[in-house]
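Engineer: Let me give you the structure first, and then I'll get to my questions.
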Amino acid sequence: MSDARESMEFDVVIVGAGPAGLAAAIRLKQLALAAGSEIAVCVLEKGAEVGAHIISGAVIDPIGLNALIPDWKARGAPMETPVSDDRFYLLGPAGQIRIPHFLMPPLMSNRGNYIVSLGLLCRWLAREAEALGVEIYPGFAAADVELGKAGEVAGVVTGDLGVARDGHHKPNYTPGMALRGKYTLIAEGARGSLAKQIIARYGLAEGRAPQTFGLGLKELWELPKEKHRPGLVMHSMGWPLDNHTGGGSFVYHYGDNLAAVGFVVHLDYRNPYLSPFDEFQRFKTHPFIRPMLEGGRRIGYGARAITEGGFQAVPKLAFPGGALIGCSAGFVNVPRIKGSHNAILTGMQAAEAAFGAIAQGRAGDLLAGYEHAYRSSGVYADLKRVRNVKPLWSRYGTALGVPLGGLDMWCNRLLGFSPFGTLAAPGPDYARLVPAKEATPIAYPKPDGVVSFDRLSSVFLSGTRHDEDEPVHLKLRDAALPIRQNLPVYAEPAQRYCPAGVFEVVTTGEGPPRFVINAANCVHCKTCDIKDPAQNIVWVPPEGGDGPAYGTM
Ligand SMILES: Cc1cc2nc3c(=O)[nH]c(=O)nc-3n(C[C@H](O)[C@H](O)[C@H](O)COP(=O)(O)OP(=O)(O)OC[C@H]3O[C@@H](n4cnc5c(N)ncnc54)[C@H](O)[C@@H]3O)c2cc1C
Ligand code: SF4
């Protein structure tokens, strides 16, 4: 880092304006207000506005918001649709079976939860934070960590603006700024780019099970009035995924004739020919789903990785000078597909530890109080009791692994222990693909333009834009590897796992095939960084403000 950079000093610097980062900011200010003291807090957000990069289901367990802002209802939080009907289905190619409630472990119930747009909720939280004096800077990506003299994290550096694709400085060049803080809270969500660096630098994942992920794809639909059932929550598993590929769908009816229609594919899938995007499109053609969507209009699209490693993959949370909060650490309860409540609660826990430390005159050290608070909290208990569901699913497939996961949850509830102990994932997601010669190619149907669509029209709906003349933010450690190794061994799976069509292998007949990166289409889901079998693709933040422009995802 050059000393010529401009810098700003804060007590706490927070990276990411999702539920975790905003909850931490609000809690810090609440504590200062109660103590009659001052605390300077800033939040950096790479989206052009708060919420622009937020995508979730979302059925929210209000436990987090109740703790953070108990009078959220009176203050107008956009949590308008309570869940009124909660259904779970097993899909086959031509039909469906509804799984009765009495078989489902009680923790899976959505009674008392709300269907929301997490993007709208974050915009509301940002207004609450600003009213308390938090400085929020949307359009600024934290590109690097700033290290202090003792090797502690002392803040972050924002990305340079106005750099051309070939590296030269354009007329609008502005070097990034250093934002320094006594503590830095990393709230980047799943597979954060700074979190990844910090976890490696301080060995935070040593002794933990590998973190694993799902890819969540979502569309927003406007349904005909007569088909809209506000408060309906539907989940399914099974078709179109095969027995050895984990995942499932969600459909949430809420608001003004809106339905959130989504699909999650566990990224430990094995067949390199699989395309999560096309599995999602195929799901919507099921005879149980298609009639609900016909006559409706698709108005939004997006995709994002979800942390799924759970309890046994949560890294050490504190590092010198800061902490990981929310999905940067990975607090998603996988069978419930819920992480936003734990993001809020862990943001609050870290804020309380940081506030206490600053009040004692400390800075740049380990926030051990946060780790302790997490371990004695409901978040820890929430994750612990479902810790074997994903590993059992990964090991034994849907038909056997899911019932075993259900049994495990019932044993935890009724007997207080798990018959399986604590199982780890069978390995990191990138190591799970089998070579293409051992896999069966999958022929996906052509999109019908009514309920199923192609990638390009989908990306258009995400509002994604990047300056064509900026450095490519998908870095290849070895530029020749995709064609030299990934193509012959895995039929280059990036062409299929990317939900935005960023990667192509172009064969013209003249010369060897070329690996092309259409970086402008990237929706920042982070799947390439997770699933590339050689771990050759590194996602780094592009210019602040670039990326999707999600409205109400
Ligand atoms: C499709 C899908 C469905 C889901 N459904 C549900 C559900 O129904 N209920 C539920 O509770 N949970 C659900 N989840 C999980 C939930 O969305 C997450 O647990 C939650 O959003 C995590 O909050 P967070 O604040 O940790 O991260 P995020 O919500 O991901 O927010 C991170 C923020 O940080 C910003 N950021 C990242 N890196 C940088 C950087 N370097 N510089 C600046 N800004 C940065 C991002 O742009 C983003 O705004 C779902 C997730 C997905 C993807
Ligand atoms: S390039 Fe990577 S991060 Fe971007 S949309 Fe494709 S898989 Fe996701």
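Engineer: Along the three principal axes, how long is the range 448-553 when you take its alpha carbons, biggest first, rounded to the nearest angstrom?
Structural biologist: Principal-axis extents of the range 448-553 (Cα, largest first): 41, 36, 26 Å.
Engineer: When the accessible area of the chain is split by element with a 1.4 Å probe, what percent falls to carbon and sulfur?
Structural biologist: Numbers: 11950 of 21410 Å².
Carbon with sulfur: 56 percent of the solvent-accessible area.
Engineer: Right, something else. So if I take the centroid of the Cα atoms in the range 253-318 and the same for the range 151-212, what is the distance between those two points in Å?
Structural biologist: 28
Engineer: Are any of the pairs K218/K531; K384/K531; K284/K384; K196/K384 more than 29 Å apart by Cα-Cα distance, and if so, which?
Structural biologist: Result: K284/K384 exceed 29 Å.
Engineer: Could you list log10 I(q)/I(0) for the chain at q = 0.05, 0.06, 0.11 Å⁻¹, which the Debye formula gives when each Cα is one point scatterer?
Structural biologist: At q = 0.05, 0.06, 0.11 Å⁻¹ the computed log10 ratios are -0.19, -0.27, -0.98.
Engineer: For the range 447-548, with the dipole built from +1 on Lys and Arg beta-carbon atoms and -1 on Asp and Glu ones, taken about the Cα centre, which of I537, P488, A500 lies farthest toward the positive end?
Structural biologist: Value: P488.
Engineer: How big is the charge dipole of the chain about its Cα centre, in debye rounded to the nearest 20, if each Lys and Arg gets +1 on its Cβ and each Asp and Glu gets -1 on its Cβ?
Structural biologist: 1540
Engineer: Check which residues have an amide H placed less than 5 Å from G300's amide H, if you skip close sequence neighbours.
Structural biologist: The answer is L220.
Engineer: With a cut-off of 8 Å between alpha carbons and a minimum separation of six or more residues, what is the relative contact order of the range 370-529 in percent? Don't jump to the answer; show the numbers that get you there.
Structural biologist: Working: 139 pairs, mean separation 25.9, N = 160.
Relative contact order here is 16 percent.
Engineer: Tell me, rounded to the nearest percent, the portion of alpha carbon pairs in the range 200-240 spaced more than 14 Å apart.
Structural biologist: Of the Cα pairs, 75 percent sit more than 14 Å apart.
Engineer: Another question, then. Quick check on the chain: helices-only [θ] at 222 nm, where DSSP H runs of length 4 and up contribute -39,500 (n - 2.57) each and the sum goes over total residues. Nearest 500, please. Numbers along the way, then the final one.
Structural biologist: On the way: 14 runs with 139 residues, N = 553.
Taking each H run of at least 4 residues, the total per residue is -7500 deg cm²/dmol.
Engineer: Compare the Cα positions of G214, I289, M237 along the charge dipole of the range 205-297 (+1 at Cβ of Lys, Arg; -1 at Cβ of Asp, Glu; about the Cα centre) and return the one farthest towards the positive end.
Structural biologist: Among G214, I289, M237, the one farthest towards the positive end of the dipole of the range 205-297 is I289.
Engineer: For the chain, what is the accessible area per residue in Å², given a 1.4 Å probe and the full set of protein chains?
Structural biologist: Spelled out: the 1.4 Å probe surface of the chain, per residue, equals 39 Å².
The values are calculated or read from the model by the stated rules, or taken from the named source; none is laboratory data. Just so it is clear, the structure is predicted and the values come from calculations on it, not from any experiment. Don't worry about glycine lacking a Cβ; one is built from the backbone with ideal geometry, like all the others, and counts go over all protein chains shown. When the accessible area is computed, the model is the full protein with side chains, heavy atoms only, and any ligands, DNA or RNA have been set aside. Shrake-Rupley method; radii C 1.70, N 1.55, O 1.52, S 1.80 Å.
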